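Engineer: Shown below is the structure under consideration.
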Amino acid sequence: MPLTLRPTGLSSPAYADKLDYVVCEDVIGRLYEDVTRSPIFVGSGPSRCTSTPSSGRAGKAPTEWVSVFQREGGMRIYLAGPLFTTAERDFNAALAAGLRALGHEVWVPQESEQQQTTAKAIFDSDVRGIDWCEVVVACMDGADPDSGTCWEVGSVWRRKPTVLYRTDIRSESLPLGPYNLMLHQAADRILDCRWVSVGKIAEEIHAALGSL
């Protein structure tokens with residue numbers, strides 16, 4: 001059955017209502033296979049992440065976003081996370097490619113931010129992306145999650161659903177962990193993605209979006 005998708009190759013919301021593509025499932029399958037053949041996209045470890053609803057907002061996501069997912073096969077995702085090192089930017093790019101191959105449109109801040117710009121321009125661009133999206137998917141890696149990412153997650157509290165994932169093997173002590181409780185208690189879904197590949201993380205995020 002064909003899926004109706006937005007133009008996944010464009011990050012700017014200015015194009016969101018101007019173009020529309022119909023992509024068959026077999027095309028998506030071939031694209032996903034191409035993406036996952038990339039060396040950065042292949043990893044070893046357990047076969048899946050561990051996904052659990054957050055106790056703070058489990059089952060409380062507005063049905064509006066669920067209907068968008070079911071109708072179009074994808075959602076508009078704001079992909080929040082650190083982007084300050086080459087490794088971080090490469091990871092973000094690979095994860096975005098995997099999510100796009102699964103039928104989602106993804107706003108990746110590093111695709112619209114330029115080296116020669118102002119702090120105000122970066123802030124305004126990121127806020128436009130947050131306003132445009134239907135869900136925020138955020139990386140919780142680090143001894144303490146990135147402060148900008150934390151702001152982005154908090155900015156949509158009670159307005160839009162959030163899915164948090166963590167690949168970092170470090171964690172705070174239970175019962176308050178695995179990171180700042182104000183983050184995981186505000187989330188609709190939290191994913192434990194330690195020791196898994198980027199491709200598997202994309203699949204688990206896709207599954208979490210479908211379960212909102």
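The values are calculated or read from the model by the stated rules, or taken from the named source; none is laboratory data. What you see is a predicted model; the values in this text were computed from it and never measured. Counting neighbours? That spans all protein chains shown, and the Cβs are built from the backbone with ideal geometry, glycine included.
Engineer: So in the range 198-212, with the set limited to residues that are of a type in the set (Gly, Ala, Ser) and in contact with a helix residue (DSSP H, G or I) (Cβ under 7 Å, 6 or more places away or on another chain), which one is surrounded by the fewest Cβ atoms within 10 Å (Cβ to Cβ)?
Structural biologist: Here the residue is Gly210.
Engineer: Does the range 65-76 contain any residue that is at positive phi and at pLDDT 95 or above?
Structural biologist: Within the range 65-76 (the criterion being at positive phi and at pLDDT 95 or above), the answer is no, since none of the residues qualifies.
Engineer: Of these, Ile190, Ile169, which one is touching a strand residue (DSSP E or B) at 6+ places or on another chain (Cβ under 6 Å) and either among the aliphatic types (A, V, I, L, M) or closer than 17 Å to Pro82 by Cα (or both)?
Structural biologist: Ile190
Engineer: Scan the range 90-103 and tell me whether some residue there is farther than 27 Å from Met182 by Cβ, charged (D, E, K, R), modelled with pLDDT of 95 or more and surrounded by fewer than 19 Cβ atoms within 10 Å (Cβ to Cβ).
Structural biologist: yes
Engineer: Moving on. Taking the range 76-91 as the region of interest, how many residues are assigned to a helix (DSSP H, G or I) and either of a type in the set (Ser, Thr, Tyr) or within 17 Å of Thr162 (Cβ to Cβ) (or both)?
Structural biologist: Matching residues across the range 76-91 total 1.
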